[in-house]
Amino acid sequence: MNNNLLATAVQQYIDVHLTADVNQIALAKSPFEGITAAELATQITAKKKSEKKLPTWFRTVKIYYPPVLSIEQTSSETTAQYKSKLAKGDSLIDITGGFGVDSYYFSKQVANVTHCEINTELSAIASHNAIALNANNIAFEATDGIAYLHAAEKQFDTIYVDPARRAEKGKVFMLKDCTPDVVSIIDTLLEKAQRIIIKTAPLLDLSAGLAELKQVSEIHIVSVKNECKELLWVIDRVPAQDTKIIAVTLNETEKVFSFKRSLSQSPVSFAHHLSASGYLYEPDAALLKSGAFNLIGSTYGLLKLHPQTQLYTAPEINNTFPGRIFQIEEIMNTASLKKAGNLTGNVIVRNYPAKPEDLVKKYKIKPAQDQFLIFTKVANGDNVILKTSIVQYY
């Protein structure tokens with residue numbers, strides 16, 4: 001850490017230049033002794049990236065920022081606050097602490113938090129920021145979290161781990177391709193704590209994760225604005241009989257779709273008739289990730305359009321539904337579409353033999369803010385076009 005960056009004049013410079021061209025700042029001569037232009041550019045870029053993702057840090061005086069990659073890799077405040085509610089007991093250790101966002105939110109739920117980070121510079125930054133944020137119940141250890149656990153005689157109530165993709169790997173679909181390899185150390189972790197919380201990227205397949213891990217009590221699929229942000233695997237020393245899947249959407253209001261995994265393949269009813277005055281339901285990305293396509297329909301009282309079309313319909317609107325809701329205004333086919341002329345709407349394709357960009361070009365469709373043309377397939381196998389207006393985004 002370069003403590004010169006915390007001087008009041010330097011902090012004011014950073015704030016004034018948040019919208020400036022950081023490339024020019026990096027190439028110019030630094031106006032401050034003991035601070036390089038590159039260091040100033042890094043602080044400005046990282047703080048700017050934190051404005052929406054980490055608003056508490058952004059608003060707090062004299063926060064020290066790490067390289068931008070650490071900001072990009074850290075949890076957002078929205079997801080960190082959610083996962084903090086999963087902690088159990090009075091003591092928690094975060095063995096992959098990083099910038100410290102998760103540890104900060106865990107400290108609001110748990111009496112004593114230990115933050116382990118092998119990168120000594122990042123550990124020092126997180127420790128400094130905790131003081132600025134008045135998080136006084138976090139102990140910082142600049143060491144490998146696994147080694148710390150092995151050496152520690154004490155027990156923890158909860159262990160939190162966020163495995164990173166190994167540098168030589170591309171997209172990761174298996175936990176064994178991450179570091180630390182939690183699959184190989186899960187027994188050790190369970191000897192040290194009653195509960196383990198593992199954060200993974202949303203690309204990880206649920207069935208593959210369950211096959212790799214032991215004693216998974218819950219899987220939380222966390223989505224923000226229809227984008228899956230992370231999977232949270234909760235493993236308890238005393239395992240649940242049936243893994244619970246929780247798909248949660250964190251928007252203006254929190255919505256939850258949860259079920260026992262054994263019930264995921266429930267029967268479903270199909271819509272054999274679409275009403276031009278009805279509503280079309282498109283599940284949020286978190287619900288789709290859960291794979292419980294039939295259960296979505298029965299839970300919310302919806303009829304499914306087609307076995308391979310994850311769209312649903314109902315004659316009324318249900319605002320508790322986690323996902324987009326459209327009001328159906330007209331049911332069309334390709335012939336009526338050609339005759340319509342002056343078509344406007346955002347094109348959505350679901351289980352339909354064409355690409356959106358090709359349909360836009362073919363039918364000369366102009367975009368519109370709240371109007372949507374949904375090309376899809378219905379229960380009898382027919383391809384249809386639904387002219388709709390959106391009434392709920394999330």
Single unsatisfied condition, LYS289 versus (1) touching a Cys at 6+ places or on another chain (Cβ under 6 Å); (2) in a strand (DSSP E or B): (2)
Within the range 262-293, how many residues turn out to be more than 19 Å from ARG350 (Cβ to Cβ) and either touching a residue at least 40 places away in the same chain (Cβ under 8 Å) or hydrophobic (A, V, I, L, M, F, W, C) (or both)? 2
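Which one of SER290, SER262 is buried (at least 21 other Cβ atoms within 10 Å of the Cβ) and within 17 Å of SER207 (Cα to Cα)? So that I can check it myself, show each step before the final result.
Working: SER262 fails: buried (at least 21 other Cβ atoms within 10 Å of the Cβ).
Being buried (at least 21 other Cβ atoms within 10 Å of the Cβ) and within 17 Å of SER207 (Cα to Cα) holds for just one of SER290, SER262, which is SER290.
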Search result, residues across the range 148-163 that are within 17 Å of TYR105 (Cβ to Cβ) and not aromatic (Phe, Trp, Tyr): ASP157, THR158, ILE159, VAL161, ASP162
Restricting the range 79-98 to residues that are among the charged types (D, E, K, R) and outside any helix (DSSP H, G or I), the residue that is nearest to ASP236 (Cα to Cα): LYS88
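Could you say which residue among LYS176, LYS199, LYS154, LYS214 is basic (Lys, Arg) and under 16 Å from the mean Cα position of the chain (by Cα)?
Values: LYS176 fails: under 16 Å from the mean Cα position of the chain (by Cα); LYS154 fails: under 16 Å from the mean Cα position of the chain (by Cα); LYS214 fails: under 16 Å from the mean Cα position of the chain (by Cα).
Every option except LYS199 fails the conditions.
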Which residue is surrounded by the fewest Cβ atoms within 10 Å (Cβ to Cβ), if the candidates are limited to the range 233-242 and must be in contact (Cβ under 8 Å) with a residue 40 or more places away in the chain and touching a Ser or Thr at 6+ places or on another chain (Cβ under 8 Å)? ASP236
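When the residues of the range 104-124 are filtered to those that are under 16 Å from SER70 (Cα atoms) and polar (S, T, N, Q), which remaining residue is surrounded by the fewest Cβ atoms within 10 Å (Cβ to Cβ)? Let's see the steps before the verdict.
First, the residues of the range 104-124 that are under 16 Å from SER70 (Cα atoms): 104, 115-124.
Among the residues that remain, those that are also polar (S, T, N, Q) are: 119-120, 123.
On the way: ASN119: 14, THR120: 11, SER123: 20.
The residue in question is THR120.
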Condition met for ALA285 (touching a strand residue (DSSP E or B) at 6+ places or on another chain (Cβ under 7 Å), closer than 30 Å to ALA208 by Cβ, at pLDDT 95 or above and among the aliphatic types (A, V, I, L, M)): yes
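Select from the range 148-185 the residues that are part of a strand (DSSP E or B) and at pLDDT 85 or above and write down the one among them that is farthest from LEU206 (Cα to Cα).
Residues of the range 148-185 part of a strand (DSSP E or B): 156-161, 164-165, 178-179.
Then drop every residue that is not at pLDDT 85 or above, which leaves 156-161, 179.
Working: PHE156: 27, ASP157: 25, THR158: 22, ILE159: 21, TYR160: 19, VAL161: 18, THR179: 19 Å.
Restricting to residues being part of a strand (DSSP E or B) and at pLDDT 85 or above, the top hit is PHE156.
Collect the residues in the range 199-216 that are more than 15 Å from LYS260 (Cβ to Cβ), among the hydrophobic types (A, V, I, L, M, F, W, C) and in contact (Cβ under 8 Å) with a residue 12 or more places away in the chain, keeping them in residue-number order. Show your work before the answer.
The first filter runs over the range 199-216 and keeps only residues more than 15 Å from LYS260 (Cβ to Cβ), leaving 199-205, 207-209, 211-215.
With among the hydrophobic types (A, V, I, L, M, F, W, C) added as a condition, the list becomes 201, 203-204, 208, 211, 213.
Hits for the range 199-216 are ALA201, LEU203, LEU204, ALA208, LEU213.
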Only one of (1) under 24 Å from the mean Cα position of the chain (by Cα); (2) free of Cβ contacts under 8 Å to residues at least 60 places away in the same chain; (3) assigned to a loop (DSSP other than H, G, I, E, B) does not apply to SER103, and that is (3)
For the range 354-371, which residues satisfy the criterion of being assigned to a strand (DSSP E or B) and surrounded by 13 or more Cβ atoms within 10 Å (Cβ to Cβ)? GLN371
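A quick yes/no check of all residues on (1) in contact with a strand residue (DSSP E or B) (Cβ under 7 Å, 6 or more places away or on another chain); (2) surrounded by fewer than 17 Cβ atoms within 10 Å (Cβ to Cβ):
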{"site": "ASN134", "(1), (2)": "no, yes"}
{"site": "GLY145", "(1), (2)": "yes, no"}
{"site": "THR179", "(1), (2)": "yes, yes"}
{"site": "THR188", "(1), (2)": "no, yes"}
{"site": "GLU191", "(1), (2)": "no, yes"}
{"site": "LYS199", "(1), (2)": "yes, no"}
{"site": "LEU203", "(1), (2)": "no, yes"}
{"site": "LEU210", "(1), (2)": "yes, yes"}
Wholly within the range 37-78, helices (runs of 4 or more DSSP H) carrying at least 1 residues that are at pLDDT 95 or above, crowded, with 22+ Cβ neighbours inside 10 Å and in contact with a Pro (Cβ under 8 Å, 6 or more places away or on another chain): 37-53
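One line per residue, one yes/no per condition, for (1) modelled with pLDDT under 95; (2) part of a loop (DSSP other than H, G, I, E, B); (3) surrounded by 14 or more Cβ atoms within 10 Å (Cβ to Cβ):
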residue: ASN319; (1), (2), (3): no, yes, no
residue: ILE331; (1), (2), (3): no, no, yes
residue: LYS339; (1), (2), (3): yes, no, no
residue: TYR352; (1), (2), (3): no, yes, yes
residue: LEU373; (1), (2), (3): no, no, yes
residue: VAL384; (1), (2), (3): no, no, yes
With ILE245, ILE219, ILE196 as the choices, which residue is under 24 Å from ALA152 (Cα atoms) and either in contact (Cβ under 8 Å) with a residue 24 or more places away in the chain or of a type in the set (S, T, N, Q) (or both)? ILE196
For the structure I just gave you, tell me whether ALA335 is surrounded by fewer than 18 Cβ atoms within 10 Å (Cβ to Cβ), among the hydrophobic types (A, V, I, L, M, F, W, C) and either closer than 15 Å to THR388 by Cβ or not assigned by TED's automatic domain parsing to the domain that holds LEU386 (or both). no
Considering residues of the range 74-107 that are touching an Asp or Glu at 6+ places or on another chain (Cβ under 9 Å) and polar (S, T, N, Q) only, the residue farthest from ARG165 (Cα to Cα): SER91
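The values are calculated or read from the model by the stated rules, or taken from the named source; none is laboratory data. Quick caveat: nothing in here was measured; it's all calculated off a predicted structure. Here Cβ is always computed from backbone atoms with ideal geometry, including for glycine, and neighbour counts include all displayed protein chains.
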